[in-house]
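In what follows, a single structure is set out as structure tokens and then discussed.
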Amino acid sequence: MAIAHPARREVLRLLREDGPRPVVQLAEHFDMSRPSLSEHLKLLKDAGLVSERKVGRQRLYSLEPDRLQEFSDWLAPYERFWQTRLTGLAELLEAEDDD
Amino acid sequence: MTERTSIDVEQFLPHAPARVWRALTDPQRLARWLMPNDFRAEVGHRFTFTTHPRDGFDGTVHCEVLQIDPERLMRWSWKGGNLDSTLTWTLAAEGHGTRLFLLHEGFDPDDPLQQKALKIMGGGWRSHILRALEAELQASA
């Protein structure tokens with residue numbers, strides 16, 4: 001799970017407090033190798049909790065607050081379930097139109 | 001953060017309410033977009049939806065038709081796993097289509113069994129870790 005590791009929580013906290021940061025500056029806060037930190041950042045990125053963009057030669061990481069909110073919302077899986085089903089309903093009705 | 005006890009979802013469908021109603025009440029159509037079932041559009045009819053069993057959930061949702069107002073509203077009870085809830089479908093004509101509202105009520109954030117069920121559904125975020133994270137983020141805001 002994306003936020004199950006203290007280092008990843010620390011990354012989220014830093015990004016929240018200090019705004020978008022290049023990986024070099026994030027690395028200063030951690031006593032771990034750059035590849036390890038990159039691995040954590042990748043997990044956070046895959047979970048949609050942070051985003052990455054290139055600015056010049058640097059990669060800037062930013063917090064995605066909406067996604068964090070979604071993560072902390074305990075009914076989100078049910079909501080996704082219903083949203084998916086309703087999309088299915090829309091597709092079914094559309095397919096019937098084509099028949 | 002206040003925790004929700006219900007879900008609101010809505011979907012605009014470019015089809016008349018009668019068409020949408022049929023997709024909601026015809027068991028074959030329901031099966032295609034929701035789950036296999038033995039639904040009948042009669043108040044008091046008890047029916048089930050069946051899906052793949054998972055840990056802590058036998059794959060059956062037990063329902064009862066509680067209320068029907070054709071092409072406008074339908075309410076079902078919805079009991080499965082540790083969930084004892086209610087679904088309300090509301091249809092509102094909108095232009096040439098229908099806006100379909102779904103209200104799913106009856107979640108209890110303090111029920112540990114429901115939390116477990118959610119974890120099985122692929123969640124798991126309502127953990128101690130998350131609480132700690134939230135507390136931390138709120139404290140630093």
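The values are calculated or read from the model by the stated rules, or taken from the named source; none is laboratory data. All values reported here derive from a predicted model rather than from experimental measurement. All Cβ positions, glycine included, derive from the backbone under ideal geometry; neighbour counts span all protein chains shown. To get the accessible areas, we keep the full protein, side chains included, count just its heavy atoms, and leave off ligands, DNA and RNA. Shrake-Rupley method; radii C 1.70, N 1.55, O 1.52, S 1.80 Å.
Provide a single number: the residues in the stretch B:37-77 that are part of a loop (DSSP other than H, G, I, E, B), of a type in the set (Val, Ile, Thr) and under 18 Å from B:Thr90 (Cβ atoms).
Of the residues in the stretch B:37-77, the ones part of a loop (DSSP other than H, G, I, E, B) are B:38-45, B:51-53, B:55-56, B:58-59, B:70-72.
Those left that are additionally of a type in the set (Val, Ile, Thr): B:43, B:51.
Cutting the leftovers down to under 18 Å from B:Thr90 (Cβ atoms) gives us B:43.
Counting residues in the stretch B:37-77 that are part of a loop (DSSP other than H, G, I, E, B), of a type in the set (Val, Ile, Thr) and under 18 Å from B:Thr90 (Cβ atoms) gives 1.
Please tell me if B:Thr60 is of a type in the set (Val, Ile, Thr), open to solvent by less than 70 Å² (accessible area, probe 1.4 Å) and free of Cβ contacts under 8 Å to residues at least 24 places away in the same chain.
yes
Return the residues of the stretch B:37-57 that are surrounded by 13 or more Cβ atoms within 10 Å (Cβ to Cβ) and among the acidic types (Asp, Glu); say none if nothing qualifies.
Selection gives B:Asp38 alone.
Return only the number of the condition from (1) of a type outside the set (Val, Ile, Thr); (2) over 16 Å from A:Thr87 (Cα atoms); (3) crowded, with 16+ Cβ neighbours inside 10 Å that B:Arg29 does not satisfy.
Tallying (1) of a type outside the set (Val, Ile, Thr); (2) over 16 Å from A:Thr87 (Cα atoms); (3) crowded, with 16+ Cβ neighbours inside 10 Å, B:Arg29 fails exactly one: (2).
Which ones in the stretch A:21-67 are in contact with a Gly (Cβ under 9 Å, 6 or more places away or on another chain) and either open to solvent by less than 60 Å² (accessible area, probe 1.4 Å) or of a type in the set (Lys, Arg) (or both)?
A:Ser62, A:Leu63, A:Arg67
Here are the criteria: (1) in the same structural domain as A:Arg9 (by TED's automatic domain parsing); (2) more than 16 Å from the chain's Cα centre (by Cα). Tell me which single one A:Tyr78 does not satisfy.
(1)
Test A:Glu17 against the criterion of being more than 16 Å from the chain's Cα centre (by Cα) and within 14 Å of chain B (Cβ to nearest Cβ), and give yes or no.
In short, yes.
Looking at B:Leu24, B:Leu34, can you tell me which residue is in contact (Cβ under 8 Å) with a residue 24 or more places away in the chain, under 17 Å from B:Leu102 (Cα atoms) and surrounded by 15 or more Cβ atoms within 10 Å (Cβ to Cβ)?
Among B:Leu24, B:Leu34, only B:Leu24 is in contact (Cβ under 8 Å) with a residue 24 or more places away in the chain, under 17 Å from B:Leu102 (Cα atoms) and surrounded by 15 or more Cβ atoms within 10 Å (Cβ to Cβ).
Starting from the stretch B:98-115, take each residue that is closer than 22 Å to B:Arg19 by Cα and more than 9 Å from chain A (Cβ to nearest Cβ) and list its partners that are at pLDDT 90 or above and not in a strand (DSSP E or B), counting only C-beta distances under 6 angstrom and pairs at least six apart or across chains.
If the second residue must be at pLDDT 90 or above and not in a strand (DSSP E or B), the pairs left are B:Thr98/B:Pro17; B:Thr98/B:Val20.
How many of the residues in the stretch B:49-90 are on the phi > 0 side of the Ramachandran plot, touching a helix residue (DSSP H, G or I) at 6+ places or on another chain (Cβ under 9 Å) and modelled with pLDDT under 95?
Qualifying residue count for the region: 2.
Scanning the stretch B:78-113 for residues that are charged (D, E, K, R) and assigned to a loop (DSSP other than H, G, I, E, B), which turns out least open to solvent (accessible area, probe 1.4 Å)?
Residue satisfying both the conditions and the ranking: B:Asp111.
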